[in-house]
Structure formats: C-alpha cells, structure tokens
1. Could you list Lys10, Lys208 so that the one with the fewest beta carbons within 10 Å of its beta carbon is first and the one with the most is last?
2. Among Val97, Leu52, Ala71, which residue has its Cα positioned farthest towards the positive end of the charge dipole of region 1-118, with +1 placed on the Cβ of Lys and Arg, -1 on the Cβ of Asp and Glu, and the dipole taken about the Cα centre?
3. Computed over the Cα atoms of region 3-303, what is the ratio Rg over Rh, Rh following Kirkwood?
4. Could you calculate the contour length gain from Arg234 to Glu180, that is, 0.36 nm times the residue separation minus the distance between their Cα atoms, to one decimal place in nm?
5. Under 8 Å for C-alpha pairs, at least 6 residues apart: give me the relative contact order for region 56-167, rounded to a whole percent.
6. Taking Cα pairs under 8 Å and at least six residues apart, what relative contact order does the chain come out at, in percent?
7. In the chain, what % of DSSP beta bridges are antiparallel (nearest 5)?
8. Quickly rank 52-63, 70-81, 27-38, 242-253 as a protection proxy: mean count of other C-beta atoms within 10 Å, highest first.
Amino acid sequence: MSLIGLFKGKGPNGFGYNSTAEDVTSGLDLTGKTYLLTGCNSGIGQETARVLGLRGARVIGAARSMEKATAACANFGPDAVPIVCELSEPSSVRAAVQSVRDLGHTLDGILCNAGIMALPKRELQHGYEAQFFTNHVGHFILVTGLLNQLADDGRVVMTSSTAHTATYSEGIRLEDLAAENGYTAWGAYGQSKLSNLLFANHLATKMKPGQTANAVHPGVIMTNLGRHMNVVARTLFPVVSPLVLKTIPQGAATQTLVATNPAAAGQTGQYWSDCNPAKSSSFGKDAALAEKLWAKTEEIVAELN
Ligand SMILES: NC(=O)c1ccc[n+]([C@@H]2O[C@H](COP(=O)([O-])OP(=O)(O)OC[C@H]3O[C@@H](n4cnc5c(N)ncnc54)[C@H](OP(=O)(O)O)[C@@H]3O)[C@@H](O)[C@H]2O)c1
C-alpha cells in the first residue's frame, strides 16, 4: 500500500482507493459475458482484461497490432479474442468495428481504456490534434459503430482522468481542434480526457433504458503512459511511485467495477474515482458543451475517409 493509501478509507459502496480489480470482482461470475477493451496490452487495461478473463468473461482485446493483441490475450482466459484497433486511423477503427460485429457476440461492456498523454509537441492526425483524435475521435467511431451490439444492460466505460480539470480555459476548443493556437501538452491531454467524459455523459442521454455510459478517473499509476513526459518526471516517477501512486491492480479497479459490479448497475452519466461516484469539473457537467462536442465529432467523422 502506498503512503497515500494508508490515509484513504472506503467509499459508500465498500470499495475505495486501495481496492484492486480482483477485489471489485471478488465473488462475481462473469461466465457468458463479453467485454471489448482497447489498450489491452499495457498498464491498467492489461490488468482489467486479465481480471475480466479470470472471472470467466470473454475478452475481446484490442491493441494496435495483432502481435500485441495476441500476446496479451494469451493471459485473459481461454475465450479471449485479439483484434487490431489503431485508434488514430479511422480505417483501422472501422475494421475493428467490423471484426467485432463479425464475431457476433452481444457486448456486455465496452471499455475505452487506450490513450496517449502529453505529447510534448503538437502532432496532428487527419488534421486534428493527436490526443483529441486518438483518445476521443477514435473511441467515438468505435463505440457508435457497436451500439447495436450492446446488451440491453450493456455498459460503456470511458477511461477519462482527473486531468480533465486541466484542460484549456475554454474547456474544449471546438473552433481550434488542430491546436493551431497555444498548444500545450497538458492542455491538449486534458481536453481529450474532458472529451471522453462529455462523450460518456451525452451517450448516456441517447442509450436505451438499462444501458449505461460512465467515465472514470483510475487514479495516478506508473505505466507506459508517461513515455512522453520529460526526463526529470520519468526519473522521479519510479522513485515516488511506491510512496504516492496507485499500483496497477488498484488503477484497474474503478473501470472494472463500473463495467461489471452490481454496485454500478443502472448508474449512468456519472464520473467515478476510487471506485465510487465523484465530482467532475463544471465543464465535465456541461450538457450543452457535451452536445456541441458530439455534433462536432459527428461532422469530423463524416468527413474522414
Ligand atoms: N496511468 C495513469 O496515471 C492514468 C491516470 C489517469 C488516466 N489514465 C488513463 O488510463 C488509460 C490507460 O493508461 P495506462 O496508464 O494504462 O497507459 P499505458 O500503459 O501507456 O497503456 C495505454 C494503452 O493505450 C494504447 N494506445 C496508445 N495509443 C493508441 C492508439 N493510437 N491506438 C490504439 N491504442 C493505443 C497503448 O498501446 P501501445 O502499448 O501499443 O502504445 C496501450 O495499450 C489511458 O486512457 C489514460 O489516459 C491513466
């Protein structure tokens, strides 16, 4: 347990900061259930998928290459199915949608876990800032393409972050999604994570009764996500990690709980942290902004090849 963990209690549902993905699924039998998860080959996604498989679920594990997905899926139980999904390439995401449709399984959950963080210099994908495009637009294409396959009580879980509070002062720069003005690594990451959160909020208003969409902050965990951070941060992280950060099993807990646990059944349009509903920023609750982002993303997607 980290130093911070020593001072953290449990939340109203009996789980909290120190809970792991195994803890939040203890006693659950997920046999017969199917979950699609992006970013299955690393970090908290890999642990989430491992625990879903451990509890009997079929995991459809998406990674950027078949090699990575296949190697990862070897650890997710006998029914795991690897697929390729490169979120920054719409053709790859659409092919992933088709692969999942072809498998024919009803999806009990879609976990949009993959992400990139804090690119030091502005990068573009298809004319849009790369974190916004990868973390948000890629997942938008994936989830909206698979809604017909979601179970009547299916759950969509967007891995957002507390970094959504560190977005640009306008919230989402809908008029400058190529980040031509004033790009910052953390502003752009925050904007992409706010987009994940607002996507979940707006999706929740469009789903069938019984289906749910939520966003989570997993905690702060040392993973490969920090690969673009500067050398000082990358040197300090491993030193402070055991003292102040969550472990990977703890980091996987919130999204695993929201995807599977009866404690989250029927709860929708919420932001979760430490395995319990939590407060997001005021932008994170802005329904008008969520609607504008949805409309803008539909425009972007319609124009992509
Ligand atoms: N770690 C934290 O402290 C923290 C805090 C808040 C939120 N989060 C969120 O948690 C999620 C998981 O992060 P993590 O910490 O587990 O990081 P990680 O170990 O770096 O895992 C990220 C995953 O996303 C995949 N990915 C990256 N770019 C992709 C792309 N273009 N197309 C498809 N997949 C792509 C990576 O694949 P490759 O390995 O092939 O690159 C990897 O599987 C992210 O959404 C992140 O924003 C993490």
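No lab work stands behind these numbers, since they all come straight from the coordinates. The structure displayed is predicted, hence computed values, not measured ones. Glycine also receives a Cβ, built like all others from the backbone with ideal geometry; neighbour counts cover every protein chain displayed.
1. Numbers: Lys10 14, Lys208 11.
Going from least to most buried by this count: Lys208, Lys10.
2. Final value for the positive-end residue is Leu52.
3. Values: Rg = 17.7 Å, Rh = 18.9 Å.
Computed over Cα atoms, the ratio is 0.93.
4. Details: separation 54, 0.36 × 54 = 19.44 nm, distance 2.78 nm.
Length gained, Arg234 through Glu180: 16.7 nm.
5. Details: 144 pairs, mean separation 28.4, N = 112.
Rounded, it is 25 percent for region 56-167.
6. In percent, rounded to a whole number, it is 22.
7. Details: 7 of 33 bridges.
Close to 20 percent.
8. The densest-packed peptide leads the list: 52-63, 242-253, 27-38, 70-81.
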